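Remarks on the structure that follows.
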Amino acid sequence: AQGHHLATAIQAAGTLSDDCYGMKDGAPNRIVPNMANPKVWDIYAKHYIGEFKASPFEEYASISAEDALMNDERPESRALDSNEFDPFMGSMSATDRMWFFHSRYIDKVLETVPGRRFGVLVYSNNMTPPRIATVHPAMALVLAPLGISPLFRVGDPRSRDNVAYDGWLRSWLGQAKAVGAESYYYD
């Protein structure tokens with residue numbers, strides 16, 4: 001699948017009002033979409049419908065996040081978060097907000113172009129598993145615990161980090177299996 005960062009669809013839509021973007025320090029953050037805004041869901045749905053129609057034999061599209069924190073200070077966005085601190089990122093987890101957002105536009109895309117899949121890297125700013133939202137059945141998760149210690153296997157008690165990752169990976173795999181989503185492990 002061609003890689004598309006979260007901001008691509010918004011940027012392709014042209015000039016948009018500030019309510020389409022996340023907020024950082026009281027100003028629009030034009031890298032992060034306002035994931036609580038239904039208008040943004042429609043922008044993303046239109047983008048991916050266009051991508052699939054332009055490439056009718058393409059089965060997958062990438063919905064992976066950019067390599068940056070997905071922080072958004074908007075109260076409606078913060079209400080979608082689990083308020084779980086990710087000690088590896090040193091920030092609050094954005095996974096629940098992102099999975100809520102993805103589910104809203106994926107459903108719209110599948111109404112028009114059924115049977116497609118959405119590849120998403122599970123790493124960095126969304127390594128912690130969702131606690132409120134759920135994995136969408138049309139997702140293809142690529143688990144990439146890049147911060148894991150290479151000295152020990154996942155779950156080895158000699159590495160506190162690898163023990164934490166073991167729990168997270170088991171949670172991700174359990175959620176993917178429960179809904180029939182694809183999952184892959186990037187090693």
What is the dipole size for the chain, taken about its Cα centre, with +1 at each Lys and Arg Cβ and -1 at each Asp and Glu Cβ, in debye to the nearest 20? 260
Whichever lysines have a C-alpha closer than 18 Å to that of Lys108, once near sequence neighbours (fewer than 8 apart) are set aside: Lys39, Lys46, Lys53
Of the options Gly26, Ser82, Gly180, report the single residue whose Cα projects farthest towards the positive end of the charge dipole of the chain (beta-carbon charges: Lys, Arg +1; Asp, Glu -1). Gly180
Take the alpha-carbon positions of the chain, form their convex hull, and give its projected area averaged over all directions (one quarter of the hull surface) in nm². 10.5
So what does log10 I(q)/I(0) come out to for the stretch 93-132 at q = 0.26, 0.32 Å⁻¹, using the Debye formula with one equal point on every Cα and no solvent? -0.88, -1.06
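FYI, it's all coordinate maths here, none of it is from the lab. Quick caveat: nothing in here was measured; it's all calculated off a predicted structure. Methodologically, a virtual Cβ is constructed for each residue, glycine included, from the backbone with ideal geometry; neighbour enumeration extends over all protein chains shown.
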